[in-house]
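The next block holds one structure in the form of structure tokens; read it before the comments.
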Amino acid sequence: MLGLTIEQIAYLFRGAGWTIVLSLLGFVGGTLLGLPVALGRASKSRLLRFASGVLVQLVQGIPLPVIMFVVYFGISIAGFDVPALVAAGVAMTLYSGAYLGEIWKGCILAVPRTQWEAGECLALTKTQRFIFVILPQALRIAVPPTVGFLVQIVKNTSYSVVINFFDLTYSAKVINNATYKPFTVFTIAALIYFAICFPMSLLASRFDRRLHRS
Amino acid sequence: MGYAFDFSFLDEYWPDLLNGVWLTLGMTVASVLPGFVLGTLCAVGRLYGPPYVQRAVTFYVEAIRNTPLIIQVFWLFFGLAVLGAKIGPFPAAVIALVVNVGAYTAEIMRAGFRSIPKGQIEAAHCLALTPTQALWSVQLPQAVERVYPALVSQFVLMMLATAIMSQISAEELTGVAYMIQSFTFRGFEVYLVIAVIYLAMASLLRLTLMGVAHVSFPRLRRLGTPL
């Protein structure tokens, strides 16, 4: 098939499976890290704003492949011998946590101030105000950009090829080295990435339009 | 932990790091303007072009934005090699970056063009400007002015993305770092150092592009808001 054997195509799809695993890891980890970052960025405390701001600035100013290397070598000098998946997962967590935190900060701040004040008038405590008044509204705003960022996560897992993590990009590289059919191999890889990302892009823009209509 | 940090490799290898910095900056500078022009042309084509141009641009933009840069780079670099076109890693990297950033710029510029109030275009018609003149001297400056911060972020991201070009043996900063760590086995320290260098370069690029805006948008500087 297309000059590739069934095994070679299956190898590409195995890589694609690990791309999805790493994307999920990155999204789950990114959510766990991104929530406190968003709260810190939107908080009144200057210290929290500064600390979370530093993390965001650091991650947004360093290329993801370099973050991957730093985590990879950092874990190994700490005395742990971990598979590349862990290093790539930690790096993706840092990366998506910083970006998601910045996105969600915007969503929290986009809820009108009067909502806070109205909550205060109803004698809700600060926590109650945040959980029952602000959060539901912020979540609605957050859906389109978050789905859009999922596309970034999937695409950026490809950088884990620098630490030789077995994902779709890595398997495509291996098959290309074996068959020397770059157009076929990388077109298939691109199509698989596209098949994962494009539906999410469409979904993101549909959510976005729905949000702006209402 | 008991790990002793050792940055002594800097004595021996700083000229290599400097070369890497130059190559990274060179790639970035070489890609910014062509990427911007390509993206703007695509935005204009998608908004005002005939249907087949609109479809072609949409296809290009979606294909690029939904696949990773590294796959595009491999496709181009290894693909051209098979076709027999001898092309060095540096030109291949620049072509890939231009094609990649062009797609993102097209989306940003499209948003810019669409955000211009109708009255501006009607005013241009009333002054008997041709559509091309209106586009060039009324719409384009305003669109750029409006989306400039987004463009700056996109180009900073592109500079950071050059870090994977060592995969096609363009020895930019990350490639140099890999070379140094394979000689010295000081991987953690090497990558910490280049992380700091990248941070500095990102700030530098952002400041430079913001400085360009300060000089080229005098009206924005005076009023503080776009038209």
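Going through region A:188-214 one residue at a time, which ones are over 17 Å from the mean Cα position of the chain (by Cα) and either outside any helix (DSSP H, G or I) or surrounded by 17 or more Cβ atoms within 10 Å (Cβ to Cβ) (or both)?
Of everything in region A:188-214, those that are over 17 Å from the mean Cα position of the chain (by Cα) and either outside any helix (DSSP H, G or I) or surrounded by 17 or more Cβ atoms within 10 Å (Cβ to Cβ) (or both) turn out to be A:I188, A:A189, A:A190, A:I192, A:F207, A:S214.
From A:V37, A:V86, A:V147, grab the single residue that is within 14 Å of another protein chain (Cβ to nearest Cβ) and within 19 Å of the chain's Cα centre (by Cα).
Within the list A:V37, A:V86, A:V147, the selection yields A:V147.
Just to be sure I understand, how many residues within region B:184-201 are facing chain A (nearest Cβ under 7 Å) and either more than 13 Å from B:L173 (Cα to Cα) or exposed (fewer than 13 other Cβ atoms within 10 Å of the Cβ) (or both)?
2
Got a sec? Which of A:I103, A:I108, A:I75 is of a type outside the set (S, T, N, Q), away from chain B (no Cβ under 14 Å), part of a helix (DSSP H, G or I) and touching a residue at least 12 places away in the same chain (Cβ under 8 Å)?
Selected residue: A:I108, the only one of A:I103, A:I108, A:I75 that is of a type outside the set (S, T, N, Q), away from chain B (no Cβ under 14 Å), part of a helix (DSSP H, G or I) and touching a residue at least 12 places away in the same chain (Cβ under 8 Å).
Taking the criterion of being under 28 Å from A:D167 (Cβ atoms) and either part of a helix (DSSP H, G or I) or within 12 Å of chain B (Cβ to nearest Cβ) (or both), would at least one residue in region A:42-56 satisfy it?
yes
Could you tell me which of the residues B:L69, B:L76 is without any contact (Cβ under 8 Å) to a residue 40 or more places away in the chain and within 14 Å of another protein chain (Cβ to nearest Cβ)?
B:L76
Scan region B:1-11 and give yes if some residue there is loosely packed, with under 15 Cβ neighbours inside 10 Å, free of Cβ contacts under 8 Å to residues at least 24 places away in the same chain, closer than 27 Å to B:L199 by Cα and away from every other protein chain (no Cβ under 14 Å), otherwise no.
Yes.
For region A:1-23, which positions are touching a helix residue (DSSP H, G or I) at 6+ places or on another chain (Cβ under 9 Å), without any contact (Cβ under 8 Å) to a residue 40 or more places away in the chain and part of a helix (DSSP H, G or I)?
Hit for region A:1-23 is A:G17, nothing else.
Assuming A:L124 fulfils every condition listed in (1) free of Cβ contacts under 8 Å to residues at least 12 places away in the same chain; (2) part of a helix (DSSP H, G or I) apart from one, which condition is it?
(2)
Based on what the data block shows, is A:T93 hydroxyl-bearing (S, T, Y) and either surrounded by fewer than 20 Cβ atoms within 10 Å (Cβ to Cβ) or without any contact (Cβ under 8 Å) to a residue 60 or more places away in the chain (or both)?
Against the criterion (hydroxyl-bearing (S, T, Y) and either surrounded by fewer than 20 Cβ atoms within 10 Å (Cβ to Cβ) or without any contact (Cβ under 8 Å) to a residue 60 or more places away in the chain (or both)), A:T93 does not qualify.
What's the total number of residues in region B:211-227 that are at pLDDT 80 or above and of a type in the set (A, V, I, L, M, F, W, C)?
So the count comes out to 4.
Just to be sure I understand, how many residues within region B:185-227 are under 26 Å from B:Q120 (Cα atoms) and in contact with a Phe, Trp or Tyr (Cβ under 7 Å, 6 or more places away or on another chain)?
Here the count works out to 1.
Would region A:153-176 turn up any residue that is within 20 Å of A:G97 (Cα to Cα), without any contact (Cβ under 8 Å) to a residue 60 or more places away in the chain and within 14 Å of another protein chain (Cβ to nearest Cβ)?
Checked against the condition, which is being within 20 Å of A:G97 (Cα to Cα), without any contact (Cβ under 8 Å) to a residue 60 or more places away in the chain and within 14 Å of another protein chain (Cβ to nearest Cβ), region A:153-176 yields at least one hit.
How many residues does region B:110-136 contain that are within 30 Å of the chain's Cα centre (by Cα) and outside any helix (DSSP H, G or I)?
The total comes to 3.
Which residue out of B:L23, B:L97, B:L18 is closer than 22 Å to B:L160 by Cβ and surrounded by fewer than 19 Cβ atoms within 10 Å (Cβ to Cβ)?
B:L18 is the lone residue from the list that is closer than 22 Å to B:L160 by Cβ and surrounded by fewer than 19 Cβ atoms within 10 Å (Cβ to Cβ).
The values are calculated or read from the model by the stated rules, or taken from the named source; none is laboratory data. Computed from a prediction, not measured in an experiment: that's the story for all the values here. Neighbour counts run over all protein chains shown; Cβ positions are idealised from the backbone, glycine included.
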